[in-house]
Amino acid sequence: MTTVVVFNVAREPAAAQVLADGRLVWPARKLPAGEDDHAALAVAVGLAASDLVGITLGQGDPGWAAARGTSEVVRVADVTVGDDDGATAAALAAAVAEVDGAELVVIGDSEHHPGLAPALAGYLGWPVVLAATSAVRIGSDVEATRRAGRVEETVSVPIPAVIAVAAATEESSPPGMKAMLAARRLPVRDVTAADLGIAAVPAFEPTLTSLPSSTTARLIGGDPLQAATELVKALRAEGVLE
């Protein structure tokens with residue numbers, strides 16, 4: 001059976017550009033790997049019982065995943081990451097359906113696209129574990145570890161399943177130039193939205209971007225006792241204290 005890892009499907013807000021008229025635009029260049037992608041791929045390598053197939057969209061770099069352990073990459077060439085996580089998830093789910101024997105999907109749990117992993121699982125009809133830091137196969141289940149507040153918990157889900165991985169650290173040992181060059185020769189299967197039967201989804205069109213409203217902060221310094229007295233006076237003046 002096949003494990004699938006999804007990569008290069010998260011946009012970082014720092015890459016956005018706000019124009020003088022308030023419009024928000026995103027550069028058309030290739031997307032860099034998401035902050036959780038390396039952790040997701042490392043977990044996928046450990047979970048893969050046989051083949052490991054990467055899936056990305058038109059802005060993704062197939063060589064990035066191929067250099068880290070995938071045997072093949074499927075790219076939905078004419079679909080790009082947008083504001084609608086549901087539309088992105090629909091395209092990814094359709095691509096997963098094209099992978100023979102796909103039983104596990106591993107994806108980075110991007111904080112900038114919190115709806116992507118749950119939506120992908122919904123389209124597939126599979127259970128999902130979010131914010132996983134590691135995962136192992138136990139028979140026909142996957143046991144995923146994640147942090148919940150101050151505790152660490154282990155969640156068991158039956159296969160097939162979606163595992164969303166949150167990176168705890170940055171990638172420590174990225175592949176070298178030789179591995180990256182060799183990865184360019186590995187197979188990439190380009191498909192289109194029409195091939196997958198995906199209906200076109202109208203893009204979101206933001207009309208204005210502005211900073212949120214905020215109130216002026218007052219800093220109280222000086223002697224701690226005097227500062228505490230001033231703080232109480234200020235809170236009473238604002239109606240916070242009686």
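Basic side chains Lys and Arg get +1 at the Cβ, acidic Asp and Glu get -1 at the Cβ, and with that the dipole of region 84-242 about its Cα centre reaches some 360 debye.
Each peptide in 117-127, 157-167 was scored by the mean count of other Cβ atoms within 10 Å over its residues; highest first, the order is 157-167, 117-127. Entry note, the chain: the mean residue ellipticity at 222 nm calculated from DSSP H runs of n ≥ 4, each adding -39500 (n - 2.57), is -7500 deg cm²/dmol after division by the residues and rounding to the nearest 500.
To the nearest ten degrees, helix 224-237 and the longest principal axis of the Cα atoms of the chain are 90 degrees apart. Region 121-144 and region 1-62 have Cα centres lying 19 Å from one another. Sorting the segments 41-48, 142-149, 15-22 by their residues' average number of neighbouring beta-carbon atoms within 10 angstrom, most packed first, yields 41-48, 142-149, 15-22. If you take the square roots of the eigenvalues of the alpha-carbon gyration tensor of region 125-195 and sort them as a ≥ b ≥ c, do you get rounded (a/c under 1.5), prolate (a/b over b/c) or oblate? In terms of gyration-tensor shape, oblate. Normalising the average separation of contacting C-alpha pairs (under 8 angstrom, six or more residues apart) by the number of residues puts the relative contact order of region 2-196 at 26 percent.
Coordinate-derived values only; no laboratory data. This structure is a prediction, so every number in the text was calculated from the model and none was measured. Backbone-built Cβ (ideal geometry, glycine too); neighbour counts: all protein chains shown.
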